[in-house]
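The values are calculated or read from the model by the stated rules, or taken from the named source; none is laboratory data. A quick note: this is a predicted structure, and the numbers were derived from the prediction, not measured. All Cβ positions, even for glycine, are placed from backbone atoms using ideal geometry, and neighbour counts span all protein chains on display. Accessible surface is based on the protein model in full, side chains and every heavy atom, while ligands, DNA and RNA are left aside. Shrake-Rupley method; radii C 1.70, N 1.55, O 1.52, S 1.80 Å.
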Amino acid sequence: MRIVIVGQQWLACELLRLAQRRGDIVVAVIAPTSDRLQAAAEDSGVPVITCGRKVSEADIPAGTDIILAAHAHVFIDASARAAARYGALGYHPSLLPRHRGRDAIRWALHMREAVTGGTVYWMDDGADTGPIAAQEWCHIRPDDDARSLWRRELAPIGLALFGRVLAELDAGIVTARPQPTAVASWEPAFSRRQLSEA
C-alpha cells in the first residue's frame, strides 16, 4: 500500500513505523516543522511536506492509495481525499459519534463517563462526522486525567485500529458504517475559563 501520513507526535511516528513494518511504502509525511514525525521520516528517507492549516490535492503524491491522519490538526480537503485511491482515514479518541470535537478526552472525563474509546473513520468535510471503519472501547479509571488515559489506552487503541483497517484493506474489505446521528454529540474546545463563565 502506498501511504501518506498526516500528523504529529507519538501516534504519527508509531504509525510510520507500523507502515514500515507492514512493508507499505510511505510516499510522504505531512508534518509540522520540528515535530518528531518530521525527524523520523527524514531518518527513514521519507519525503516530508510541510503545509499550513489545509492539505489539498497538490500535497498528495501521485499513486497514493490512502491518507492516514494521526494527531493531525489540519483540514484534509475533498481534493486531497479524492487524490488517494481509498481516501483518508482519521483517528478520533472517542466512540464516535460521541464527543466530536477537539477535546474529546477532556469532555469524557468532565462528564464522568466510565467508558470511552477510539474510532478510525473515513474523513469527510465535517468535524469527525465520516463513516466508521473501526472502533474499540476502554474503561476510564477514577484517577485518570487526559494524559494518562491517552498514553495508557487511547493512543495504543488508535495505532491498533489503523493496523486493523489496513489489514482489512489488504484483504479487499472496506468497512464504512454511517455514524448514528441521533446519538451524536459535539463539544467545543475545553477550557476552565469558558466553563466557569457559563
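Beta carbons closer than 8 Å, at least 6 apart along the sequence or on distinct chains, pair a first residue in segment 50-70 that is closer than 28 Å to D170 by Cβ with a second that is open to solvent by 80 Å² or more (accessible area, probe 1.4 Å) and assigned to a loop (DSSP other than H, G, I, E, B) for T64/R85; D65/R85; I66/R85. Among residues belonging to segment 29-45 that are surrounded by 15 or more Cβ atoms within 10 Å (Cβ to Cβ) and among the aliphatic types (A, V, I, L, M), point out the one that is nearest to E153 (Cα to Cα). Checked segment 29-45; the qualifying residue nearest to E153 (Cα to Cα) is L37. Please determine, by comparing only the residues of segment 89-101 that are at negative phi, touching a residue at least 40 places away in the same chain (Cβ under 8 Å) and open to solvent by less than 20 Å² (accessible area, probe 1.4 Å), which one is nearest to the chain's Cα centre (by Cα). The selected residue is G90. Checking the structure you have, find out if any residue of segment 32-54 is aliphatic (A, V, I, L, M) and within 15 Å of G90 (Cα to Cα). Checked segment 32-54: no residue is aliphatic (A, V, I, L, M) and within 15 Å of G90 (Cα to Cα). One residue alone among V55, V6, V48, V26 is under 17 Å from L159 (Cα atoms), open to solvent by less than 50 Å² (accessible area, probe 1.4 Å) and either touching a helix residue (DSSP H, G or I) at 6+ places or on another chain (Cβ under 6 Å) or of a type outside the set (V, I, T) (or both), and that residue is V26. For A62, the stated conditions hold: it is aliphatic (A, V, I, L, M), assigned to a loop (DSSP other than H, G, I, E, B), out of contact with any Cys (no Cβ under 6 Å at 6 or more places or on another chain) and surrounded by fewer than 21 Cβ atoms within 10 Å (Cβ to Cβ). For beta carbons closer than 9 Å, sequence separation of 6+ or different chains, a first residue in segment 135-146 that is β-branched (V, I, T) and a second that is open to solvent by 80 Å² or more (accessible area, probe 1.4 Å), the qualifying pairs are I140/R112. Taken as a whole, the structure places D124 among residues that are closer than 21 Å to V174 by Cβ and assigned to a loop (DSSP other than H, G, I, E, B).
For segment 185-192, the criterion of being open to solvent by less than 30 Å² (accessible area, probe 1.4 Å) and at pLDDT 95 or above is met by none of the residues.
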